[in-house]
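Notes to accompany the following structure.
The values are calculated or read from the model by the stated rules, or taken from the named source; none is laboratory data. This one's a predicted model, so the numbers in the text were calculated from it and none came from an experiment. Note that each Cβ is placed from the backbone with ideal geometry, even for glycine, and that neighbours are counted across all protein chains shown. Please note that ligands, DNA and RNA were not included when accessible areas were found on the heavy atoms of the full protein model with its side chains. Shrake-Rupley method; radii C 1.70, N 1.55, O 1.52, S 1.80 Å.
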Amino acid sequence: MIELDGVHFSRGAQVIFDGVDMHFGRGEVTVVLGPSGTGKTTLLRLIGGQVRPASGRVMVDGIEVARARRKALYALRRRMGVLFQNGALFTDLTVGENVAFPLRAHSRLDEALIRRIVLFKLEAVGLRSARDKYPAALSGGMARRAALARAMALDPEIMLYDEPFAGQDPVSMGVLLRLIRRLNDALGLTSIVVTHDVKEAMSIADRVIVIAGGRVIGQGTPEEVRAQREQEPALAQFLDGAADGPLNAAEDESPLSADLGLGGGQ
Amino acid sequence: MTENGSSVNVPPRIALDRGDNDVWHLQLAGEWTLAQSETLSTIDRSLPAGFGDSAARGKTIRVGGEIDALDSAGALRLARIVDGMEQGGAAVDLEALPQSQRNVIELLKGRLPPPKTPRPPREGVLAGIGRVTVAKFTEGNAFLAFIGELVVRGGKLIAFPWRIRWREVVAEIEAAGLRALGIVGLLSFLVGMVMAYQAGATLADFGANILIVNLVAIITLREMGPLLTAIIVAGRTGSSYTAQLGTMRITEEIDALRSIGISPFDMLILPKIIALMVVLPLLTVFANLLGLLGGAVVAAYRFEVSFAVYFDRLPEVVDLTTLMLGLIKTPVFAIAIALIGCMQGMRVAGSALAVGRATTVSVVQATFLVIVLDAGFSVLFNLMGY
């Protein structure tokens, strides 16, 4: 469904992706794991066509995103639902109006029908009773579920989740995990979940891609990825959450004494 | 690193005993701690002048005595003195110090940076001017790009006016127009009064009270009404555009719009520009009315020009051209204010702090541009003979 072919992307002098190849299968939940700051959100922006790769191709259902014309790009985005890190609900609209927003923007459905679709979507995420609340009155988990309902409003074929579990308590995390899996299977979606919650995400993943340092360090089913840890120390460190290893070795190479102005150093 | 926990406030002391042979004794005492930093910072003055240069070359200096307390600050100071002596060619012997104090000094000595690290060379005036110029040009470029987008997108939408989001336009007209009536009206009224006072004070000396009407009417219609309204709107509405769009950038609402397949330009920016182009001329007419009224009040109660006379004379001193010369500027002001407000809002990135900064920049730039444009119009009208 989605292919990345030798994608290079850098921000200023910082290289985010250094020729990565990824494949996201139709109907699957693919979890993209990686330490903070490895360009997981950038990956979603590449797929959504908000940024262009320096070289390489991003293909979504046979369309090269970076080459798509404005109209085609917007049409493509309409087939994708995005759950943003903090929900990004429109703060001046109620939950119900938020969910109705994409419907009103893109269809000429009458109000009665829109109302029924909204209720249906909210029911799917368990928030039917919160439809008249404003986003400010929602808890973090509720806001994220409301945003999920909005992202699903136009029945997208692809769902992109940007750090859906960040800052969630265990219960609402569990609810979200189950929702992501269920919606994917019930609606035949293609889901991409970007996160750094290893254990939770692995539990619902069909496939896992681990990125670090601008390249893919592990790819496959959760079992396959766990099996690859032997060859890839960085992968082992990330999956175990070890404090020492190749992932942070390069972080601070200059000795402390240099910053303190102490010549020589130990 | 304090040797001795109890502080009794004994200032640090240092004394050099120059024996007649090659072994000198450096006696230390007191608390070598941060609390004594004042004494510590000047402590090497109690050493003989020029010490550390060459006077001690070839000597052996035994450091000894009883230090009551030693912390990082004291150890650094002491290590620097030891460094100085060693650079002067002396051999320093720390054997007499307690083991723990010796360890600290040994660790530090020879590794200290020079006392005054040279400051990085300061940027020259020219380099500064250059940097600011480049930054301004970048800003100007972004503004031009924004105008370009407006022309391209706006042009397309003018051909298909039903695609314009009229509901948003109406909402913006209410926010920027209807709700601004109070402040615009009040301030215009007051400025009208002030102008009448100032004009009257001078004119009354010559018994030319009636000319207050000429002065107030012409200035209000041609300059004060349009300019004052534009500046109030820049501060009130332009800044709110920046704050709204900036906040929406931070909360990813702009990204959410795009992901739903709606162009933020069509949804958020174009309605604001259209609304302000409608609203600003109307507000200016309102401001003109109240400015004239303010002038009339002062003229009547202070300078014996009655309302009847004032409004009787108005059509004689100003005509439709005067009004239009003021109004024709306002759509241009509106575009400038809305564009700057939206552009600064869309450029916000990072944190909530950036929203506040962008809002300030937006008001300053919009006010600046409005006044520059007004000056430009004045020159233009003058050349055209109005």
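Annotations
- Close amide H contacts of residue A:219 (hydrogens built in the peptide plane, cut-off under 5 Å, sequence separation of 5 or more or a different chain): A:210.
- Average accessible surface area per residue within chain B, 1.4 Å rolling probe, Å²: 51
- Summing +1 for each Lys or Arg and -1 for each Asp or Glu among the other residues whose beta-carbon sits under 9 angstrom from that of residue A:119 gives +4.
- Rounded to the nearest 0.05, the FRET efficiency derived from the C-beta distance between residue A:36 and residue A:57 at R0 = 22 Å is 0.25.
- Phi to ³J(HN,Hα) by Karplus 6.51 cos²θ - 1.76 cosθ + 1.60 over the range B:363-375, Hz, x for Gly, Pro: 5, 4, 5, 5, 4, 4, 5, 4, 5, 4, 4, 4, 4
- Long-range amide H partners of residue B:61 with built H, under 5 Å: B:24, B:91, B:92, B:93
- Listed residues B:250, B:229, B:303: farthest to the positive end of the dipole of the range B:221-314 (Cβ charges): B:303
- Fully extending the segment from residue B:23 to residue B:171, taken as 0.36 nm per residue of separation minus the present Cα-Cα distance, adds 44.2 nm.
- Label-reachable residues, the range A:1-19, where backbone N falls under 14 Å from a point 7 Å from residue B:149's Cα toward its Cβ: none
- Per atom type, the range A:87-155 shows carbon and sulfur on 51% of its accessible surface, probed at 1.4 Å.
- Candidates B:357, B:77, B:131: whichever shows maximal mean-square fluctuation once chain B is modelled as a Gaussian network with Cα springs under 10 Å: B:77
- Dividing the mean sequence gap of close Cα pairs (under 8 Å, 6+ apart) by how many residues the range A:87-155 holds gives a relative contact order of 50 percent.
- Taking label points 7 Å from Cα along the Cα-to-Cβ direction, residue B:139 and residue B:364 give a separation of 0.7 nm.
- Additional length obtainable on full extension of the chain from residue B:197 to residue B:93, 0.36 nm per residue less Cα span: 28.6 nm
- Taking a ≥ b ≥ c as the square roots of the eigenvalues of the alpha carbon gyration tensor, the protein assembly as shown is oblate, as a/c is not under 1.5 and a/b does not beat b/c.
- Length-normalised contact order for the range A:1-91 - Cα pairs under 8 Å, 6+ apart - percent: 29
- In this structure residue B:132 has an accessible area near 80 Å², from a 1.4 Å probe over the protein heavy atoms.
- Ranked by solvent-accessible area (1.4 Å probe, protein heavy atoms only, all chains present), the residues A:163, B:149 order from largest to smallest as B:149, A:163.
- Choice from A:91, A:190, A:38 with maximal GNM fluctuation in chain A (Cα, 10 Å cutoff): A:91
- For the protein assembly as shown, the tally of Lys pairs with Cα-Cα distances below 20 Å comes to 6, considering only residues 8 or more apart or on different chains.
- Label point of residue A:105 set 7 angstrom out along Cα-Cβ; within the range B:268-291, amide nitrogens under 17 Å from it belong to B:268-272.
- For the range A:101-113, 3J(HN,Hα) per residue [Karplus equation, 6.51 cos²θ - 1.76 cosθ + 1.60, θ = phi - 60°, Hz, x = Gly/Pro]: 3, x, 5, 5, 6, 10, 9, 10, 5, 7, 4, 4, 6
- Amide H partners (placed H, <5 Å) of residue A:32, local residues excluded: A:193, A:194, A:195, A:209
- Relative contact order of chain A, taken over Cα pairs closer than 8 Å and 6 or more residues apart, is 24 percent.
- Distance in nm between pseudo-label sites at residue B:102 and residue B:309 (7 Å out along the Cβ direction from Cα): 10.6
- Modelled label positions at residue B:317 and residue B:72, each set 7 Å beyond Cα in the direction of Cβ, lie 7.5 nm from each other.
- Environment charge at residue B:339 (Cβ cut-off 11 Å; Lys +1, Arg +1, Asp -1, Glu -1): 0
- When accessible surface is computed with a 1.4 Å probe, chains A and B are found to bury approximately 2000 Å² between them, both chains counted.
- Under Karplus coefficients 6.51, -1.76 and 1.60, residue-wise ³J(HN,Hα) of the range B:284-295 in Hz, glycine/proline x: 5, 4, 4, 4, 4, 4, 6, x, 4, 5, x, x
- 1.4 Å probe, heavy atoms, protein only - residues of the range A:60-97 losing at least 40 Å² accessible area vs chain alone: A:70, A:74, A:77, A:84, A:88, A:90
- Counting Lys and Arg as +1 and Asp and Glu as -1 over every other residue whose Cβ lies under 15 Å from the Cβ of residue A:5, the net charge comes to -1.
- When the residues B:309, B:370, B:104, B:170 are ordered by accessible surface, computed with a 1.4 Å probe over the protein chains alone, the sequence from largest down reads B:170, B:309, B:104, B:370.
- Overall form of the range B:282-384 per C-alpha gyration tensor (a/c, 1.5; a/b vs b/c): prolate
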